Amino acid sequence: TLALELAGVYLRESPDMSCETYLQEMTTGDNVEGRVSDLVRYERTVYQALAVHDRYLDESAQRGLRTAACFAPDDASLALLDACGVGAEALRPLRRLHLISGDGVRWRMHRLVRAWAVNSATPEVLAAARDAFVTGAALYAKTIDLAEGYRIYQADGPHLEKAVAEIRSVLGED
C-alpha cells in the first residue's frame, strides 16, 4: 500500500514524469520516494512498525538484516547469503517477521525494508554489514569453477557485480 501511494504522490507531484521513467529511476537506486515521503502519511507508520520488529531481533538477526540489505535489489541464493555470514539462525526471525521472504533456495527483501535497514543502521553497523557482504561475495566467488561457474553467476550475478563495484571502497586499495 505504501509503495503504491508513494508512486502515486510522486507522479502527481511530477506531472512531466512518465511511469516508465519513475520505474527506471527506482531500479537505479535513486531515492525517488524520498522526495515526496513527507506528503504520505503511511511511511512514518511503516518505519515505526519496522523499528518495532528490529527491537525483537537478536544481534545475529539484526546483523543479518543489515548484511542482506547490502545485496543488489534482486533475489539471491541462500548459499551466497550464508557465505556472507547470515545463517539459518539469523534467517529464522527475519522470515517469521516477513523482513525476508523466499523459498528454500532463494530469498528476497522488499525495497522499503531494504531502505529502512540501511537508513536505520549506525555508520559502524552499516560498514560492518557492507564488509560482511563484500567479503562473503568474494569467498563465494572463489567457488566458481570453469565447468559450472556460469550457474553461480547466473543465479547471483547482480550481487557479485555489486560486490566487485564496492570492494575497493569497503576493503581499501589492497
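Between Ser169 and Arg55, what is the label-point separation in nm under the 7 Å Cα-to-beta-carbon projection?
Roughly 3.3 nm, to one decimal.
Could you give the length gained on full extension between Arg95 and Leu146, defined as 0.36 nm per residue of separation minus the Cα-Cα distance, in nm?
Fully extending the segment from Arg95 to Leu146 adds 14.9 nm.
With a cap of 11 neighbouring Cβ atoms within 10 Å, and only residues DSSP puts in a loop, list the trypsin sites (Lys or Arg not before Pro) found in the range 99-174.
Within the range 99-174, the qualifying trypsin sites (Lys or Arg not before Pro) (loop, at most 11 other Cβ atoms within 10 Å) are Lys142.
Using Cα pairs closer than 8 Å and at least 6 residues apart in sequence, work out the relative contact order for the range 44-174, in percent.
Worked out over the range 44-174, it gives 30 percent.
Accessible surface of Glu20 in the full protein assembly, 1.4 angstrom probe, to the nearest 10 Å²?
Result for Glu20: roughly 120 Å² accessible.
The values are calculated or read from the model by the stated rules, or taken from the named source; none is laboratory data. Everything numeric in this text was worked out from a predicted model, so none of it was measured. For neighbour counting, all protein chains shown are included, and Cβ atoms are generated from backbone atoms with ideal geometry for every residue, glycine included. Only protein heavy atoms, including side chains, enter the accessible area calculation; ligands, DNA and RNA are left aside. Shrake-Rupley method; radii C 1.70, N 1.55, O 1.52, S 1.80 Å.
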